[in-house]
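One structure below.
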Amino acid sequence: MVMIKLDQCGQSSAEILLIVAAALALVLIAGYVAVTVSKTVGGNVSDVVDAARNSTLLKLGSSP
């Protein structure tokens, strides 16, 4: 059986908790940035597609 020496002050637990909290904060920030970029790109693509569609419809409508 392996005996694990326990830290009486709880410093190890506090350090692990800080590491986990920092990792969680990084994941949340990265997720926010990814969602924001995705929405921006999606909006820009939608604008381009709408402009191309309108241009094509105008060209078809003005054909003799």
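The values are calculated or read from the model by the stated rules, or taken from the named source; none is laboratory data. Since this is a predicted model, take the numbers as computed values, not measurements. Every residue, glycine among them, receives a Cβ derived from its backbone with ideal geometry; neighbour counts consider all protein chains shown.
Conditions first: (1) in a helix (DSSP H, G or I); (2) at pLDDT below 95; (3) among the β-branched types (Val, Ile, Thr). Val2 passes all but one, so which condition is the exception?
Of (1) in a helix (DSSP H, G or I); (2) at pLDDT below 95; (3) among the β-branched types (Val, Ile, Thr), only one is false for Val2: (1).
From the set of residues in region 5-32 that are surrounded by 10 or more Cβ atoms within 10 Å (Cβ to Cβ) and in a loop (DSSP other than H, G, I, E, B), which is modelled with the highest pLDDT?
Gly10
I'm trying to understand the selection: among the residues of region 33-64, which are exposed (fewer than 10 other Cβ atoms within 10 Å of the Cβ) and among the charged types (D, E, K, R)?
Lys59
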